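Encoded as structure tokens, the structure appears first; notes follow it.
What follows is calculated from the coordinates using simple rules that are stated; it is not laboratory data. Predicted model only: the values in this text are computed from it and were never measured. Here the Cβ is made from the backbone with ideal geometry for all residues, glycine too, and neighbour counts use every protein chain on show.
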Amino acid sequence: YNKKVITCNSYDTSALHTTKTMASFPPMPLLPITSPETIDACKSLPLQPSDIFICSYPKSGTTWTQHIVLSLIIADRRYRFQKENESIKATSNQNITDYHDIDYVHVSDFAPFFEIDAHWDLENKRLAESVRANHDRLGCRVFNTHLRWEMLPKYSEDQHNNHIEQNSSTGALRPTCGKFLYVTRNILDVCASFYHHLSNQKEGTYTEGFPRFARDWMAGKIPFGSPLHHLLSFAQGFNDNYYSGKDCSGYSVNRPLLLLSYEDMKLNLREQVLRIIEFLGLQYIPLDVLENELLPTFDFQSMKENS
């Protein structure tokens with residue numbers, strides 16, 4: 001895809017640049033399904049090079065991006081297996097182990113909500129067994145999260161114990177490995193959508209009218225806090241957007257963060273999907289499969305019909 005892709009270098013993130021000193025934000029209000037212990041576990045999770053985090057403020061296009069990312073990973077896995085099997089058959093006339101395709105009922109099956117209690121085994125300080133089992137089937141760990149940048153994990157297993165204590169209060173700017181996609185959306189659309197979402201959900205239902213909601217939302221009193229604080233926290237990540245370790249040197253784009261826009265995805269979905277493919281280092285999806293099988297399933301109408 002290299003000749004047709006819009007690279008991360010060409011996508012302007014200069015508007016997000018701030019100083020390299022981690023700013024301090026007020027504590028993030030949380031939904032009842034998330035405990036302080038889970039927040040600590042999230043930040044302390046040792047990263048793996050293949051980890052993928054789909055990050056956003058709520059109602060910014062998270063589920064849409066989850067569907068795209070998972071579909072691409074599963075397709076790349078399928079065609080990588082086919083290529084490897086063909087290579088082995090050509091040299092030894094033997095088949096490798098049978099390929100088992102992956103399908104999911106909901107994106108949360110393989111890209112779970114990172115910061116909810118149900119997805120953690122806090123007693124043993126690890127992800128829940130069901131989460132680990134599905135990630136093993138997928139071949140990598142994928143999460144969706146609404147946590148701010150400083151609340152996310154930054155260290156790989158071998159570096160974790162050396163750094164976590166000294167950075168526990170301020171957070172680290174730069175992860176040692178993993179891939180983080182940050183999805184943004186027009187703030188007014190986010191406000192309206194989040195109000196309707198919280199007014200109709202079971203946990204943390206918002207019972208006041210929209211004018212009060214808008215004031216509370218901008219003041220950071222609503223779950224997940226101020227949208228501006230969220231944006232500014234990730235701005236600091238983009239200001240230090242390269243790897244400090246060697247774990248991810250195999251990726252074609254050697255940076256931890258990719259900036260995506262809900263509006264850009266609506267305007268030119270193909271271009272943004274190609275950026276995601278390059279960023280994640282996916283190499284095996286045939287172009288005709290991308291054009292004729294995958295992209296048609298990424299538009300809103302297809303997702304609505306198959307939800």
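Structure above, values below:
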item: Protection proxy ranking, peptides 290-298, 104-112, average beta carbon neighbours within 10 Å, highest first; result: 104-112, 290-298
item: Ranked packing of 213-224, 230-241, most packed first, by mean Cβ within 10 Å; result: 230-241, 213-224
item: Given 59/202; 43/179; 221/266; 43/125; 59/266, the pairs whose alpha carbons are separated by over 22 Å; result: 221/266
item: Packing-based ranking, highest mean first, of 59-66, 36-43, 263-270 given that Cβ atoms within 10 Å are counted; result: 59-66, 36-43, 263-270
